[in-house]
Amino acid sequence: MKQAAASLSDMTFVLVKNGSNEELELGIVARVLQNEVGCFLPCFKFNDLKNLSKKMTEVFKQSQYASVAKCVAEYGKVTTDDVPSLDKGIERLCKHFGDICKKFHNNPYVFEVILDKVHDRNSKQASRARDKQATVAEIIKTLQNDIPMRYLHIDETFKFSVGKKELTFRYWQDRLVEFTEIEIPVRSKTPWHKDFGEDIPDQYWLRIFLGFDRFRIAESDVEPETGIKKANKQCSLYIYSRMSGRLILREKDCRVRLKLSAGGTEFCQALTVIIDDVDGHLPINPTKQDVVFSNQSQGGDTHEENLYTMIRTVVAFYYSHHKKKYGGKKNILTSKISQFVDRELPDGMKSCANCKLTTYKAEWKQTNTNMIRVEHSKTVEVPGVDTVFRLLPEEKALQSPGRAARKRKPPPTKKNSNPEAEEELEATNKKRSKKDTKHHSPTGMRSTPTRAAGRPKKYGYGDDSDDNGQSDSEDTSSEERGDKDKTKNVGKSCLDLCMSSDDESESRYGKKSRNPKVISPGPKGKDSNEALENRIDELEIENSILKAKTETLQEELKAAKRNIRMLEREMKRAEE
């Protein structure tokens, strides 16, 4: 707090109610009180709210607190035309103490921070602000928006207010679509690929939150003032640490860090990754503003690689899982997320740690290429009641993204003038349908099997096509388009057609059968399709990693070329 106060203003007063209205404390953080000898942060205790003004006057008029009295007198200077006044300064401080004791009379512990002589170090905002009130209003608004984002685990029993606005710490619950929680195992010293899947003493569990930011995805890609394009929809990373969930690191585009595909619009749907290091396993620097694995006594590089490898696996699975809901089309996924911009979050939402969010029961698998991937076919989604904004799949997206099966048109029917032939044909079809049930589903429904991936078309499925690629319906229609003299023998022609289909099955399957063998997609075909999908996901992840490595090498190559040019210039200067 001292650092924040010194950054925002030249003089700060901290008022504390420590147990009751009879236990009050006052602390002062002022720039004028600091010198080369040492830091001076005076603190005073008072035990009587009714006689507080009198007690303060007695203390501040003592000679050893003359510098403190000047700070309080400066606080009594309300306007620029006023002169410093110790009595007015004490009066204002007593009023603040009275307000917090009255407003929070049921709360025994309260503190209030008052910023005076506020300054803004941002040159842009300083040029816009014409007076002190505008600067203060800008800072108050910034604090109201940023503080809930910077702390993840503030308990509901704590009440915070900035200006006149009470803060609610549900920043990410309000923003993220498909807010999800996943726990991952991370090893701090042992490489992740050594004895993969086994519990190791240096392994700990880390909680990851993921979601799509519905507000960030709707932001403009162009700066309104300058017209310069900005990138604000890439995958972002936030690292929170310790019990309060303090924000340690924020990276707007973490695709290179996680070795994800950084080209095009891949992972550019405002995807947000949140690391919740509540138990403090990650090494951070003294200012608590970055994660520094070199501070770890042993295995810092291994710890870093293990962490980001596991996170990359989770992010790739999560993104692929939701993209598949819409046939793998990123533009549809973007439009679906954007639909939640105007939705409101229900009241009474809990903190992230107490929310029941959507999660996944997944299996981790080490591939032959020394990578980790999630088994999509064995993953079970467990919806959470506190995941308010959900992405529901479309029916069309659930179908295979490949070529749709062509529907067969039923052959045109024609009235038969031979009733005896019709009866004979109907009886024969009934016999065939009874036998066909042995080769199909128990319900007797005949499904049209799809061609397996990689199988040549010449291997026909069922009795839908003959060896020449012509369907039965086409043969039947050709018979019906024959001469009018053949209409009397329609029933016989249909029977001959059925027999010819059976004869053709003999040449396909090696023996004659009254019912051609029908190849329907069974469990083996399903397993092969799942294996194919898993292999495709694995190749996509490998491709993204290779792209990231390629981009890194290109940057290193550019840096090396720059160094070579610098050395050449230095050599020329040396020769001259």
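See the values below:
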quantity	calculated
Under 10 Å, Cβ to Cβ, from residue 269 - net charge with Lys/Arg +1 and Asp/Glu -1	+3
Whole-number accessible area per residue in Å² for the stretch 41-88, which is evaluated in the context of all protein chains at 1.4 Å	65 Å²
11 Å reach of a label modelled at residue 3, 7 Å along Cα-to-Cβ, counting backbone N of the stretch 264-299	285-290
Estimated dipole of the stretch 299-386 in Debye, rounded to 20 [Cβ of Lys and Arg +1, of Asp and Glu -1, Cα centre]	500 debye
Pairs beyond 19 Å (Cα-Cα), from 102/132; 141/336; 103/159; 141/233	102/132; 141/336; 141/233
Under-5 Å amide H pairs with residue 30, H placed in peptide plane, nonlocal only	12
Counted charge near residue 112, where neighbours are those whose Cβ lies closer than 14 Å (Asp, Glu -1; Lys, Arg +1)	+3
Accessible area (Å², per residue) of the stretch 343-398, counting only protein heavy atoms and a probe of 1.4 Å	63 Å²
In sequence order, calculated HN-Hα J values of the stretch 354-371 (Karplus, 6.51, -1.76, 1.60; Hz; x Gly/Pro)	9, 7, 9, 9, 4, 9, 9, 8, 10, 10, 9, 9, 8, 8, 5, 8, 6, 10
Peptides ranked, highest mean first, by Cβ atoms within 10 Å: ranges 560-573, 259-272, 48-61	259-272, 48-61, 560-573
Cβ-derived FRET efficiency at R0 30 Å, residue 559 paired with residue 265, nearest 0.05	0.65
Whole-percent carbon and sulfur share, accessible surface of the stretch 529-576, 1.4 Å	55 percent
Theoretical FRET efficiency, 1/(1+(r/R0)^6), r = Cβ-Cβ of residue 549 and residue 298, R0 30 Å, to 0.05	0.65
Local electrostatic count at residue 286 - Lys and Arg +1, Asp and Glu -1, tallied over other residues with Cβ under 15 Å	+3
Nonlocal amide H pairs with residue 355, under 5 Å, H built at 1.01 Å	none
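The values are calculated or read from the model by the stated rules, or taken from the named source; none is laboratory data. Here the structure is a predicted model, which is why all the values come from computation and not from measurement. FYI the Cβ positions are ideal-geometry reconstructions off the backbone, even for glycines, and counts take in every protein chain you see. For accessibility, only protein heavy atoms count, side chains too; no ligands or nucleic acids. Shrake-Rupley method; radii C 1.70, N 1.55, O 1.52, S 1.80 Å.
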